[in-house]
Amino acid sequence: MKKQILAAAVAASISAVAMADISITGDAKYEYDLTDTNGAKKSTSNTEAHINFTGKSGDTTFVAKFQLVERGTDGAVDEGGSAKVAATSVDGDFDMEDTYITTTIAGVGIKAGNYAGSTSGLAGEIEDGGRSHGKVMLSYNLGDVSLYAGNGGTASDGADGGTDSNMFAGASTTVAGQTIHVKKNKESRDSFGIKGSAGGVNYRYETQDDDTNGDAKYTELSTTVSGLTVQWAQLKADAADGLTEKDSAVFALEAANYSGAKEQSQVAVSTTVDGNKVTVKSGTVDKALSSGAKDLDYTQLSVSRALSSGATAVITYTNSDEATGDKTNLEMELNVKF
């Protein structure tokens, strides 16, 4: 009898696990960088992994994303190219990134927790969409109009937590193939955007009005002809503080990373050659070097290839005119998604 009870308990536990809707996904990469600034070379390596846990029950989903990073840094290598290392250091960290829950109550979508904004969202290329704690967003579809509102919560540095100044609301709809989006980002900031396609050309235009930092605009045009994709993108701001996004998917270098920068433009061309995706980006960050008050010009070449092993190899070479002089960066990466 005891054996039967034990067998039933084991069977029940196995059944519960089998019925649970839990998934684990993620990605990992090894990255090696060699930077040369006026002959002074420095190499760094980085091993990084993201592990994502997703649990579902009906219309409710919980997501937890973790990041594991190990970094190594070598000191300067002399101009002769010998392995003369001034110093070597290794560090690492473990971060809990996104942790949020989504559900639906009476047709109202709810997303609450800690998560980052997207650069593809309205004003995403203009303002930093970094993670914040205690963020809450409610969404509802009213016919063809999508409505949402919420609170931006507490930033990573603890600023602006749970205050009325962090409240936001927005609406978007599609008219004649064009997506129109308006948003009250916070108490002192409004945004408007429109995107669509006409005559084979994709367009995206967004503008932001900030009572403190003035206007900022993002414009993007792209088209594909005979397997060749060409994209032009531009950022403009009344003040340097109007550009805060430091990690977009569009620009090779970010204007927000350079003191005094108020404008940036870039042309990108990409195609596939013998299974290799090749992308060239060339651009300018106006008045990016505060010490010399001159423009920063840059060019980047990136080649990626999916390997038969399931991994992807990426080699990226970037040349830029920095405040300290001519700078080149060679990045070699091996990544995998699972």
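The values are calculated or read from the model by the stated rules, or taken from the named source; none is laboratory data. The model shown is predicted, which means the values in this text are computed figures rather than measured ones. Reconstructed Cβ throughout: ideal geometry from the backbone, glycine too, with neighbour counts over all protein chains shown.
Being part of a strand (DSSP E or B) and not small (Gly, Ala, Ser) is a property that residue 303 has. Just one of the numbered conditions (1) farther than 30 Å from residue 320 by Cα; (2) modelled with pLDDT under 85; (3) among the basic types (Lys, Arg); (4) surrounded by 10 or more Cβ atoms within 10 Å (Cβ to Cβ) is not true of residue 56: (2).
For the stretch 201-218, the criterion of being aliphatic (A, V, I, L, M), farther than 30 Å from residue 331 by Cβ and modelled with pLDDT of 95 or more is satisfied by at least one residue.
Of the residues 122, 138, which is closer than 30 Å to residue 263 by Cβ, surrounded by 15 or more Cβ atoms within 10 Å (Cβ to Cβ), modelled with pLDDT of 85 or more and of a type in the set (A, V, I, L, M, F, W, C)? Quick ask: steps written out before the conclusion?
Numbers: 138 fails: closer than 30 Å to residue 263 by Cβ.
On inspection, the qualifying residue turns out to be 122.
Per the listing 272, 244, 212, the residue uniquely surrounded by fewer than 17 Cβ atoms within 10 Å (Cβ to Cβ), part of a loop (DSSP other than H, G, I, E, B), touching a residue at least 24 places away in the same chain (Cβ under 8 Å) and polar (S, T, N, Q) is 212.
Conditions (1) within 25 Å of residue 67 (Cα to Cα); (2) of a type outside the set (Gly, Ala, Ser); (3) at pLDDT below 95, marked per residue:
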{"residue": "300", "(1), (2), (3)": "no, yes, no"}
{"residue": "303", "(1), (2), (3)": "no, yes, no"}
{"residue": "307", "(1), (2), (3)": "yes, yes, no"}
{"residue": "315", "(1), (2), (3)": "yes, yes, no"}
{"residue": "318", "(1), (2), (3)": "no, yes, no"}
{"residue": "322", "(1), (2), (3)": "no, yes, yes"}
{"residue": "325", "(1), (2), (3)": "no, no, yes"}
{"residue": "332", "(1), (2), (3)": "yes, yes, no"}
{"residue": "335", "(1), (2), (3)": "yes, yes, no"}
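Scanning the stretch 187-203 for residues that are assigned to a strand (DSSP E or B) and over 11 Å from residue 123 (Cβ atoms) yields 194, 195, 196, 197, 198, 201, 202, 203. Taken together, the residues in the stretch 310-324 that are assigned to a strand (DSSP E or B) and in contact with a strand residue (DSSP E or B) (Cβ under 6 Å, 6 or more places away or on another chain) amount to 10.
Of all residues in the stretch 215-241 being among the small types (Gly, Ala, Ser) and not in a strand (DSSP E or B), which is nearest to residue 268 (Cα to Cα)? Before you say what the answer is, go through the steps one by one.
Just the residues of the stretch 215-241 that are among the small types (Gly, Ala, Ser), to begin with: 216, 222, 226-227, 233, 237, 239-240.
With the extra rule that they be not in a strand (DSSP E or B), the set shrinks to 226-227, 239-240.
Numbers: 226: 16, 227: 14, 239: 25, 240: 24 Å.
Within the stretch 215-241, the match that is nearest to residue 268 (Cα to Cα) is 227.
Output the residue which, of all residues in the stretch 164-186 that are part of a helix (DSSP H, G or I) and over 22 Å from the mean Cα position of the chain (by Cα), is modelled with the lowest pLDDT. Looking at residues that are part of a helix (DSSP H, G or I) and over 22 Å from the mean Cα position of the chain (by Cα), I get 164. Residues that are part of a loop (DSSP other than H, G, I, E, B), without any contact (Cβ under 8 Å) to a residue 12 or more places away in the chain and either among the acidic types (Asp, Glu) or touching a strand residue (DSSP E or B) at 6+ places or on another chain (Cβ under 9 Å) (or both) are absent from the stretch 275-288.
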